[in-house]
Amino acid sequence: MIVRRLEEHDETAAFDCGDIPLNDFLKRHAWVNQEKISIGVTYVAVDELASRHIFGYFTLAAASAPYSTFPAKYVRGLPRYDLPLLLLARLAVDKSHAGRGIGQALVSEVFRIGLQVAEVVGCRGIITDAYRDRVGWYGKYGFQPIGEASEKIPQRMFLDLRTLRKTAL
């Protein structure tokens, strides 16, 4: 398996992660957002030999959040500006490939890219809006809940890239 940028002719129609909005995003919006309007880049996990069939995907975009969003331990010593962040906007694995470590491989690639972004342009962390039932899954990779949450909106989660750098050494 390899993880690479989405390509125009990738076979998205058969992708089914069990979540209609995540399926629809990949099938209808990912390519347009990436190539036409430049608001996010989608990466896909594919078989190295039959590289058009998608096992899973994630989408990244630039983001920022107000200094006041974060607990003091994350912003101590920083100027009171909006923090530059990398948004993990979508992440999904096809149901037929669930339980095979693809989600972990995708998160590892997000982390690699996050560290590169921080090195090249500056970025304090990675944020995502996790479905309530996925908070524990993201938590095992070091994401911490921030901000208020309710049953109707996803939980905003944050991973400080300083933490990621320490574990990568």
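Considering every residue within segment 59-72, establish whether at least one is within 29 Å of residue 164 (Cα to Cα), within 18 Å of the chain's Cα centre (by Cα) and without any contact (Cβ under 8 Å) to a residue 12 or more places away in the chain. Among the residues of segment 59-72, not one is within 29 Å of residue 164 (Cα to Cα), within 18 Å of the chain's Cα centre (by Cα) and without any contact (Cβ under 8 Å) to a residue 12 or more places away in the chain, which makes the answer no. Only one of the numbered conditions (1) surrounded by 12 or more Cβ atoms within 10 Å (Cβ to Cβ); (2) modelled with pLDDT of 90 or more is not met by residue 147, and that is (2).
Just one of the numbered conditions (1) under 14 Å from residue 90 (Cα atoms); (2) touching a strand residue (DSSP E or B) at 6+ places or on another chain (Cβ under 8 Å) is not true of residue 3: (1).
The number of residues in segment 133-169 that are aliphatic (A, V, I, L, M), touching a residue at least 24 places away in the same chain (Cβ under 8 Å) and part of a loop (DSSP other than H, G, I, E, B) comes to 1. Just so you know, in segment 1-23 the residues that are of a type in the set (Val, Ile, Thr) and more than 17 Å from the chain's Cα centre (by Cα) include one that is farthest from residue 53 (Cα to Cα), and it is 20.
Can you find a residue in segment 40-59 that is acidic (Asp, Glu) and over 24 Å from residue 123 (Cβ atoms)? Yes, because at least one residue in segment 40-59 is acidic (Asp, Glu) and over 24 Å from residue 123 (Cβ atoms). Residues that are farther than 18 Å from residue 34 by Cβ and surrounded by 16 or more Cβ atoms within 10 Å (Cβ to Cβ) were ranked within segment 89-113; the one that is modelled with the lowest pLDDT is 97.
Out of 10, 82, one residue alone is in contact (Cβ under 8 Å) with a residue 40 or more places away in the chain and charged (D, E, K, R). It is 10.
Among the residues making up segment 89-115, those that are in a helix (DSSP H, G or I) and among the aliphatic types (A, V, I, L, M) are 102, 105, 106, 107, 110, 113, 115.
For segment 1-88, the strands (runs of 3 or more DSSP E) that sit wholly inside it and include 1 or more residues that are among the small types (Gly, Ala, Ser) and surrounded by 15 or more Cβ atoms within 10 Å (Cβ to Cβ) are 41-46, 54-65.
The values are calculated or read from the model by the stated rules, or taken from the named source; none is laboratory data. As the structure is a computational prediction, the values presented were derived from the model and not from experiment. Note: ideal-geometry Cβ built from the backbone for every residue, glycine included; neighbour counts use all protein chains shown.
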